[in-house]
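One structure is given below, encoded as structure tokens.
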Amino acid sequence: MEFNLNNLVRENIKSLKPYSSARHEFTGKASVFLDANENAFGSPLEENFNRYPDPLQWHVKFQLARIKGVPAENIFIGNGSDEVIDLAYRIFCNPKTDNVIICPPTYGMYQVSADINDVQVKKVSLTKDFQLDVEGILNAADINTKLLFICSPNNPTGNNMNRTDVETLLNNFKGIVIIDEAYINYSRQKTFTQELTEYPNLIVMQTLSKAWGLAALRMGIAFASMDMIDLFNKVKPPYNINEASQQLALEALQNTQQVNDWIKTVVQEKEKLATALSRLPFVKHIYPSDANFILVKVTDADAVYGFLAQNEIVIRNRTKEIMCENCLRITIGTENENKLLIQTLSSYE
């Protein structure tokens with residue numbers, strides 16, 4: 001059946017008249033701006049932030065397009081990936097009527113955003129080797145299933161999803177498939193951004209928070225068809241990305257070599273850390289990871305977590321997540337941080 005985006009969009013979103021800023025309405029060059037009730041005298045800061053930012057962040061998108069090989073018109077920038085997730089619910093899911101599918105254990109904001117938007121969540125757990133249950137997902141979907149979230153590499157397990165399984169779902173799932181590639185820079189699997197023209201029901205999420213080291217700027221990215229991007233721009237707040245974040249992101253995006261060097265270092269440190277952890281008697285299993293973290297099964301996750309906290313080392317306790325009993329998620333730190341972690345754990349009894 002041919003994909004029809006219009007059939008999935010909420011009726012109130014179809015008829016929505018978005019807020020139109022003065023900078024949206026004006027086209028051409030100008031030297032005097034008396035349109036937006038700004039303070040024309042400047043700001044108390046060295047940098048002048050008295051003017052509203054570009055509502056569509058075109059300079060950042062053009063730079064991302066150059067790096068990612070995706071046209072700027074197919075890019076949406078959100079206030080973190082969390083805004084992209086929330087907007088997807090608001091665009092496609094009618095509260096109390098529609099539902100989405102998630103595949104736990106996975107990123108927690110898919111569930112939180114569903115709860116905020118009063119949308120039912122259907123959970124189809126990953127298989128025992130943390131892969132997608134394709135048949136289970138397709139069987140769980142019904143006429144009101146609007147979104148399917150796939151995290152690959154997955155958080156908290158760290159593994160890639162089988163590409164053939166994802167393609168099967170893209171070809172057979174009747175709603176929108178959102179592939180969260182927050183950790184794709186560390187992955188051996190290629191991104192799905194190059195498949196956008198083939199799958200009109202595809203949204204690929206990435207972020208500048210991980211490999212790019214810009215977590216404090218809160219810049220999430222969605223790649224999708226122009227029709228899909230138009231919907232996101234229609235619903236988002238007019239100035240969702242502040243000027244400081246845009247300027248700093250532009251500066252950072254000039255330094256791809258630095259980021260690539262960091263990625264190589266993280267991969268090397270991950271292998272060293274995994275080897276060291278495997279020698280500890282209370283470590284039972286280390287799961288394969290294509291991310292900048294590893295999931296580690298221990299004898300008593302609560303005890304190990306508490307011991308590290310007492311020694312001023314913070315990791316993530318995932319023992320309450322389905323299929324992650326007694327598992328700890330450990331981010332790859334610097335060489336010194338990783339050595340300190342191992343030294344501290346070596347004294348755990």
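No value in this document is a laboratory result; all are computed from the given coordinates. Everything numeric here is computed off the predicted structure, so don't read it as measured data. In this analysis, Cβ positions are derived from the backbone assuming ideal geometry, glycine residues included, and neighbour counts consider all displayed protein chains.
Structure data summary
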| quantity | calculated |
| --- | --- |
| Helix-derived mean residue ellipticity, 222 nm - over the chain, DSSP H n ≥ 4, -39500 (n - 2.57), to 500 | -10000 deg cm²/dmol |
| Whole-number D in µm² s⁻¹ for the chain, Kirkwood Cα-pair radius fed into Stokes-Einstein, 4 °C, 1.567 mPa s | 59 |
| Overall dimensions of segment 257-346 as given by Cα atoms, namely Rg and Dmax in Å | 12.9, 40 |
| Trypsin sites (Lys or Arg not before Pro), loop per DSSP, at most 14 other Cβ atoms within 10 Å - longest free stretch of the chain | 191-278 |
| Sites ILE67 and GLN120, calculated FRET efficiency, Cβ-Cβ separation with R0 35 Å, nearest 0.05 | 0.40 |
| Alpha-carbon centroids, segment 72-109 and segment 132-164: separation in whole Å | 14 |
| Extended-chain gain in nm, criterion 0.36 nm per residue less alpha-carbon gap, ASN37 and THR299 | 88.2 nm |
| 15 Å beta-carbon shell around THR127, net charge (K/R +1, D/E -1) | -2 |
| Computed E for LYS234/MET323 - FRET, C-beta separation, R0 30 angstrom, nearest 0.05 | 0.20 |
| Lys, Arg +1 and Asp, Glu -1 on Cβ, resulting dipole of the chain about Cα centre, debye, nearest 20 | 240 |
| Charge dipole magnitude, Cβ of K and R +1, D and E -1 - segment 257-346, Cα centre, debye nearest 20 | 160 |
| Top positive-direction residue, dipole computed over the chain with Cβ charges, set SER43, ASN240, PHE26 | ASN240 |
| Sparse-neighbour loop sites [GluC sites (Glu not before Pro); segment 225-333; at most 11 other C-beta within 10 Å; DSSP] | GLU312, GLU325 |
| Residue with peak Gaussian network fluctuation, the chain [Cα springs, cutoff 10 Å], from LEU126, LEU308, LEU273 | LEU308 |
| Cleavage-rule hits (GluC sites (Glu not before Pro)) in segment 6-108: DSSP loop, at most 16 neighbouring Cβ within 10 angstrom | GLU38, GLU46, GLU47 |
| Stretch gain in nm, segment LYS264-LEU250, where the contour uses 0.36 nm per residue and the Cα spacing is subtracted | 2.8 nm |
| Stretch gain in nm, segment LEU5-ASP227, where the contour uses 0.36 nm per residue and the Cα spacing is subtracted | 79.1 nm |
| Inter-site label distance for ALA216 and THR334 at 7 Å from Cα along Cβ, in nm | 1.5 |
| Cβ-based net charge around CYS327, under 9 Å, with every Lys or Arg adding one and every Asp or Glu removing one | +1 |
